[in-house]
Amino acid sequence: MGRSVILLSILALVFFSNIVFAYDPSPLQDFCVADLTNTVRLNGLPCKDPAKVEAEDFFFSGLHVGGNTSNPMGSAFSAVTVNQMPGLNTLGVVIARLDFEPNGFLPPHFHARATEILTVLEGSMEVGFVTSSPSFRHYKKVLEKGDVFVVPVGLIHYQRNVGAGSIVAIAALNSQNPGITALPNAVFGANPDIDSGYLARAFDLDKKTVEELQQKF
Ligand SMILES: *[C@@H]1O[C@H](CO)[C@@H](O)[C@H](O)[C@H]1NC(C)=O
């Protein structure tokens with residue numbers, strides 16, 4: 001009796017921890033360098049023949065160069081993913097460089113599959129995230145050179161330049177495919193449109209404003 005209760009608890013723990021901690025699956029080999037030409041569809045990318053793997057597969061050069069910030073947000077996100085570095089396949093990590101002009105920003109967004117750890121190399125960045133319902137706590141900091149901040153997986157967050165100069169920052173995320181869902185685009189730029197009357201009620205806006213937002217996004 002006691003033993004079966006313990007067994008059931010262990011089974012329940014294993015079952016729920018798989019669901020709750022749904023990070024990238026662990027690799028089953030030293031590496032699985034992506035074969036970017038293979039058209040097989042799987043959860044990740046198929047592995048290249050290990051005999052053909054080279055040091056280049058684990059290498060990328062270019063994050064010393066700033067991204068193009070000539071856009072309405074005045075920001076750029078230059079990611080090194082499996083497409084730039086095939087050796088990242090199945091390792092559950094990516095890295096990116098962020099550039100913000102003065103007044104530059106990223107809109108509120110979330111990464112469905114990754115925690116983000118941010119390091120500011122230059123400039124002053126306000127970063128904040130909001131917890132889930134029901135508390136909606138807002139945690140924010142202004143990061144200066146050398147400061148590090150972590151945004152927990154799945155939470156809505158934002159970054160904006162609050163200094164006089166530009167920002168250079170590095171972000172690392174613990175998924176090879178973190179996903180990025182920008183809220184303005186997901187809500188007002190859905191394809192096809194989400195019903196504007198419904199959005200007007202959900203956001204307590206008039207329908208005309210919603211339609212204008214839908215035009216923009
Ligand atoms: C930066 O992006 C803008 C807008 O897309 C484009 O017009 C411009 O040529 C780009 N600059 C560089 C250096 O790529």
How do the strands (runs of 3 or more DSSP E) wholly within region 123-217 filter down when requiring 1 or more residues that are without any contact (Cβ under 8 Å) to a residue 60 or more places away in the chain, in contact with a Pro (Cβ under 8 Å, 6 or more places away or on another chain) and farther than 30 Å from residue 42 by Cα: which remain? 125-130, 156-161
Output the residues belonging to region 68-100 that are without any contact (Cβ under 8 Å) to a residue 40 or more places away in the chain, aliphatic (A, V, I, L, M) and away from the ligand (no atom under 15 Å from the Cβ). 79, 80, 85
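I'd like to know if region 43-54 contains one or more residues that are loosely packed, with under 12 Cβ neighbours inside 10 Å, at pLDDT below 85 and either away from the ligand (no atom under 16 Å from the Cβ) or aromatic (Phe, Trp, Tyr) (or both).
Narrowing region 43-54 to residues loosely packed, with under 12 Cβ neighbours inside 10 Å: 43, 49-52, 54.
If we keep only those that are at pLDDT below 85 too, we end up with 43.
Remaining after also requiring either away from the ligand (no atom under 16 Å from the Cβ) or aromatic (Phe, Trp, Tyr) (or both): 43.
Yes, region 43-54 contains a residue that is loosely packed, with under 12 Cβ neighbours inside 10 Å, at pLDDT below 85 and either away from the ligand (no atom under 16 Å from the Cβ) or aromatic (Phe, Trp, Tyr) (or both).
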Can we say residue 57 is of a type outside the set (A, V, I, L, M, F, W, C), touching a helix residue (DSSP H, G or I) at 6+ places or on another chain (Cβ under 8 Å), away from the ligand (no atom under 16 Å from the Cβ) and modelled with pLDDT of 95 or more? yes
Taking residue 103 as meeting all but one of (1) part of a loop (DSSP other than H, G, I, E, B); (2) free of Cβ contacts under 8 Å to residues at least 60 places away in the same chain; (3) within 16 Å of the ligand (Cβ to nearest atom), write down the number of the exception. (3)
Take the residues in region 109-123 that are surrounded by 17 or more Cβ atoms within 10 Å (Cβ to Cβ) and under 16 Å from the mean Cα position of the chain (by Cα), then tell me which one is modelled with the lowest pLDDT. 113
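The values are calculated or read from the model by the stated rules, or taken from the named source; none is laboratory data. Note that the coordinates shown come from a computational prediction; the quantities given were computed from them, not determined experimentally. Glycine gets a Cβ as well: all are built from the backbone with ideal geometry, and neighbour counts include every protein chain shown.
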